[in-house]
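The values are calculated or read from the model by the stated rules, or taken from the named source; none is laboratory data. None of the values given here were measured: they were computed from a predicted structure. Using ideal geometry, Cβ is built from the backbone for each residue, glycine included, and neighbour counts are taken over all protein chains shown.
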Amino acid sequence: MKKYLFHICILFFTISCANKKDDISQRVSDYYNGFQSSNYSQVQNTLSDSLTLIEGDFIMPFNHKSYHEQFKWDSVFKPVYEIIEIKKLDDKVSATVSVHSPRFEFLKNNPLTCTHLFSFISGKIAKIENQDCSNADWEVWQKERDSLVKWTRIHHPELDGFINDLSMNGAINYLKAIELYQKRKARD
């Protein structure tokens, strides 16, 4: 009897581990679906108590409240997320995602397709590292961004600083600057 009980325990443990790996892949899907549907509660449910985003040399720590501000900033641009691929890599998940938005369109990098590596604590997302943006042209991105910033500083100083303002208001000003810049270029 003890032998059967031992085998049953091993079977449950194996199933539990397999489900945990499936759960982390599902967490990543739920995370992006929350962004897609503008549902921060769904995003928050996928996150650990703290989250670290890594973009190149930039390391950005967040708690739920500060990440909600980042979420609001992102939502102003009305991004459309498409999950291209999700791969489990032991206790991590790699996700390739394509994002369309008016901001990326202005920066001539629309859609922007990137691969992110997700790390977990107790089955919740704790760290997201940008691995590669395969179709990005960072030189064009920088040129377009710098032109917009310079033009805005001269013609609409009331919007100046939007590029470093990661609040919802900063994103709104970013979109206003793009709209005004494009209208001006169309008239010239």
Practice task
Looking only at segment 109-119, decide whether some residue is without any contact (Cβ under 8 Å) to a residue 12 or more places away in the chain and either touching a helix residue (DSSP H, G or I) at 6+ places or on another chain (Cβ under 7 Å) or within 30 Å of Asp23 (Cβ to Cβ) (or both).
Solution key: yes
Handout entry: All positions within segment 35-46 that are modelled with pLDDT under 95 and part of a helix (DSSP H, G or I)
Key = Phe35, Gln36
Handout entry: strands (runs of 3 or more DSSP E) within segment 47-108 that include 2 or more residues in contact with a helix residue (DSSP H, G or I) (Cβ under 9 Å, 6 or more places away or on another chain) and crowded, with 17+ Cβ neighbours inside 10 Å
Key = 47-55, 80-89, 92-100
Practice task
Among the residues of segment 56-96, write down those that are touching a residue at least 24 places away in the same chain (Cβ under 8 Å), farther than 26 Å from Asn164 by Cα and acidic (Asp, Glu).
Solution key: Glu82, Asp91
Problem - Any chance Ala171 is outside the structural domain of Gln44 (by TED's automatic domain parsing), surrounded by 13 or more Cβ atoms within 10 Å (Cβ to Cβ) and in contact (Cβ under 8 Å) with a residue 40 or more places away in the chain - result: yes
Completion exercise
(1) modelled with pLDDT of 95 or more; (2) exposed (fewer than 15 other Cβ atoms within 10 Å of the Cβ); (3) more than 18 Å from the chain's Cα centre (by Cα) all hold for Asn130 apart from (3)
Exercise for the section: For Leu166, state whether it is touching a helix residue (DSSP H, G or I) at 6+ places or on another chain (Cβ under 6 Å), at negative phi, surrounded by 12 or more Cβ atoms within 10 Å (Cβ to Cβ) and not in a helix (DSSP H, G or I). Expected result: yes
